[in-house]
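The values are calculated or read from the model by the stated rules, or taken from the named source; none is laboratory data. This one's a predicted model, so the numbers in the text were calculated from it and none came from an experiment. Note that we place each Cβ from the backbone using ideal geometry, even for glycine, and neighbour counts take in every protein chain shown.
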Number of protein chains: 2
Amino acid sequence: MTGRNSDMSDRDINTEEVAQRLHRAGHRIDPVLGELFPPDEKKYLHEPFWHHMEGGGKRLRPALCLLSCEALGGNSERALPFAAAVEILHNMFLVHDDIEDGDTMRRDRPAVWAEYGTGNGINVGDYMLGRAYRAVLNTRADDATRLRLVDYFVDTFELTCEGQAFDLNRRADRSLTVDDYLEMVTRKTGHYLALGMVGGAIIAGAADEAVETFQELGCDLGPAFQIRDDVLDLQEAKGRGGAIGNDIREGKPSILFAHSVNEAESDRADELVEIMAKPREDTTEEDVQRVVDIYNSCGAFEFARQTAEEYTNRGFEAVERIPTEDRQFFRRVVSYMVERSS
Amino acid sequence: MTGRNSDMSDRDINTEEVAQRLHRAGHRIDPVLGELFPPDEKKYLHEPFWHHMEGGGKRLRPALCLLSCEALGGNSERALPFAAAVEILHNMFLVHDDIEDGDTMRRDRPAVWAEYGTGNGINVGDYMLGRAYRAVLNTRADDATRLRLVDYFVDTFELTCEGQAFDLNRRADRSLTVDDYLEMVTRKTGHYLALGMVGGAIIAGAADEAVETFQELGCDLGPAFQIRDDVLDLQEAKGRGGAIGNDIREGKPSILFAHSVNEAESDRADELVEIMAKPREDTTEEDVQRVVDIYNSCGAFEFARQTAEEYTNRGFEAVERIPTEDRQFFRRVVSYMVERSS
């Protein structure tokens, strides 16, 4: 058996095992979250926070932070506050995104803003960001390391906002290209998927190359993950109250749209943009089905599959450059992530 | 003439002179803002930012940052990025507050969310916060100092969110006390008015006592300033589209309400809470006038004046403890601030 064959068999995984290891690692931050958001204090802020958190969530990003730190020989206890910060950041974005997108449901319960009002939704998200920075500062490391973590956290936060700005302002946009889309999702999802792993590597005292490799891995997996999410939007309701096709209703720049608006014949592209531009409440089931038909006629689903595969393969290549004995686990994580939804 | 008399005459100031000095100092951050938000880049983010900033604003907080740094013998050039961070933070809160309060006008132009939509309003505010942290990190100082600035920035941000949570969730609240109100405004306005001065002092390498004195000064002046703002809400339209009495329409916990709801006879207090609880659009001119009558009958305006004076006097006392030759200027700033609106 060659090494390459061995790699391939690593990908053919027992997803349950990977899921459990990630789950165990991710939930190690729960006591840290409990300390940062004591449920019996500051009820106007902590109650909405726990309302949101108790809806679930996989704790994937903190798990990757802790396991990356360990893989590079670091003490992951020291990475716990940073891992918590990454999870808080992720959830802060969800709280704000739900308002920005007008999504009333999250994880099969009312979104924070739907339960507590828009004002609290915004302010609780802001406060969560404050707590996230507090957690970063709580990292037990020297000043230079802590500053590096803050610096990286700020960069990632800004890139995510930039991706979100693009997402919000290029809805139903006929001039959207696939490259635009890929740049957007790299900003919006790649960097902050990388954040935990990069932080874990920095806390482990890794060399710059290893830090960069984790950065690349995140920027490969983020888009792969998001492309899968775009496709899943037409297959599952994603905990948002039963409807499929939310991205179509919201006119979101998905890979399916970016591909089809460029590949479809002119009149079909017009029709596509017209449906995407409709206000959410005016978009009918027939409209959604019509868009799906256009996507199908343009081979958009196959294009999405191929593109996700390219990113996934780059992810597998990045894994081979992680200076760890535990590459097998990271290969399995890549496989796991692109087979599962967020 | 005794020293005390000399102090008093310092308070009898030419406000134009103070205003000009603050104005000149505050606008020293303009090039820094230009570098942080290049107008020809990232248009989905920078255009709304400049839309907001071009409405005006006194640059009071960055001015106080730079002048505090100089007063303690520091090089205020080194404080420019921090001063910019404080101004960005202040404006980020305004951008989010306008959404939270449903205020469509700010500085006599449409609020960011009213011009660019709620989604962009939230996301632009988030991004501004990212830029603010970037500015803090840009401070030319050693690692320990920069970490201290970040730490203080996070603390202040969180306290402001806590104050805002209180503000949002205790509207038309019959159980509100004056102490509750004062705690809220200290959190919501005091700490972040102090932020610039404290940062300036830290950058100047001041002793802890001096840093604490500036902290106290902010926590004296913030409430004094806010109390004046509460009263002004019934006298001026504050750039929000012509209407007075916005705090009443929004049911906000002002000092006038906090005092009157506790001092008024039971049936009048009921009536007061009832009007404050009405949705903004249902509140009539007569309702506003009725509330003003209740405030008058409870001596609320006199109470507000006295309370503001107490805080102002504490501010004057704090100024006497600033280890600088330039106390006269800070005395004048106190006088200036409590005579002017935000």
Considering A:167, A:143, A:126, which residue is crowded, with 20+ Cβ neighbours inside 10 Å and at the interface with chain B (Cβ under 7 Å from one of its Cβ atoms)? A:126
Which ones in the stretch A:195-227 are out of contact with any Phe, Trp or Tyr (no Cβ under 6 Å at 6 or more places or on another chain) and small (Gly, Ala, Ser)? A:196, A:200, A:204, A:205, A:206, A:207, A:210, A:218, A:222
Odd one out for residue A:240, checked against (1) charged (D, E, K, R); (2) buried (at least 18 other Cβ atoms within 10 Å of the Cβ); (3) modelled with pLDDT of 90 or more: (3)
Read through the list (1) over 30 Å from residue A:25 (Cα atoms); (2) surrounded by fewer than 18 Cβ atoms within 10 Å (Cβ to Cβ), then give the number of the only condition that residue A:298 fails. (2)
On the basis of being of a type in the set (A, V, I, L, M, F, W, C) and in contact with a Gly (Cβ under 9 Å, 6 or more places away or on another chain), does residue B:150 make the cut? no
What do you reckon, is residue A:218 away from chain B (no Cβ under 14 Å) and crowded, with 22+ Cβ neighbours inside 10 Å? yes
Among A:162, A:77, A:158, A:100, the single one that is of a type outside the set (S, T, N, Q) and away from chain B (no Cβ under 12 Å) is A:77
Only one of A:114, A:71, A:85 is modelled with pLDDT of 95 or more and either within 20 Å of the chain's Cα centre (by Cα) or at the interface with chain B (Cβ under 10 Å from one of its Cβ atoms) (or both); which? A:85
The residue from A:198, A:231 that alone is assigned to a helix (DSSP H, G or I), more than 21 Å from residue A:59 (Cα to Cα) and more than 14 Å from chain B (Cβ to nearest Cβ) is A:231
Considering B:318, B:308, which residue is within 24 Å of residue B:97 (Cα to Cα), surrounded by 14 or more Cβ atoms within 10 Å (Cβ to Cβ) and at pLDDT 95 or above? B:308
Screening B:247, B:267 for residues that are surrounded by 22 or more Cβ atoms within 10 Å (Cβ to Cβ) and in a helix (DSSP H, G or I) leaves only B:247
Can you tell me which residue within the stretch A:250-264, out of those that are within 19 Å of the chain's Cα centre (by Cα) and part of a helix (DSSP H, G or I), is farthest from residue A:168 (Cα to Cα)? A:256
Examine the stretch A:174-182 for a residue that is modelled with pLDDT of 95 or more, surrounded by fewer than 21 Cβ atoms within 10 Å (Cβ to Cβ), within 9 Å of another protein chain (Cβ to nearest Cβ) and assigned to a loop (DSSP other than H, G, I, E, B), and state whether such a residue exists. no
Could you tell me whether any residue of the stretch B:89-110 is within 24 Å of residue A:115 (Cβ to Cβ), touching a strand residue (DSSP E or B) at 6+ places or on another chain (Cβ under 6 Å) and modelled with pLDDT of 95 or more? yes
Subset of the stretch B:204-226, residues over 10 Å from residue B:189 (Cβ atoms), under 18 Å from the mean Cα position of the chain (by Cα) and among the aliphatic types (A, V, I, L, M), comes to B:217
Considering only residues that are without any contact (Cβ under 8 Å) to a residue 12 or more places away in the chain, in a helix (DSSP H, G or I) and within 14 Å of another protein chain (Cβ to nearest Cβ), look in the stretch A:28-46 and name the one that is nearest to residue A:123 (Cα to Cα). A:46
When residue B:50 is evaluated against the numbered criteria (1) within 13 Å of chain A (Cβ to nearest Cβ); (2) over 25 Å from residue B:325 (Cβ atoms); (3) surrounded by fewer than 24 Cβ atoms within 10 Å (Cβ to Cβ), which criterion, by number, is the only one it fails? (1)
Does residue A:159 satisfy the criteria of being of a type in the set (A, V, I, L, M, F, W, C), without any contact (Cβ under 8 Å) to a residue 40 or more places away in the chain and outside any loop (DSSP other than H, G, I, E, B)? yes
Restricting to the stretch B:146-157, give me the number of residues that are out of contact with any Leu (no Cβ under 8 Å at 6 or more places or on another chain) and crowded, with 22+ Cβ neighbours inside 10 Å. 1
Can we say residue A:193 is at pLDDT below 95 and within 24 Å of residue B:128 (Cα to Cα)? yes
Checked the stretch A:129-138 for anything more than 8 Å from every other protein chain (Cβ to nearest Cβ) and buried (at least 21 other Cβ atoms within 10 Å of the Cβ); matches are A:132, A:135, A:136
Tell me whether the stretch A:85-92 contains one or more residues that are outside the structural domain of residue A:161 (by TED's automatic domain parsing) and either free of Cβ contacts under 8 Å to residues at least 24 places away in the same chain or farther than 19 Å from residue A:203 by Cβ (or both). yes
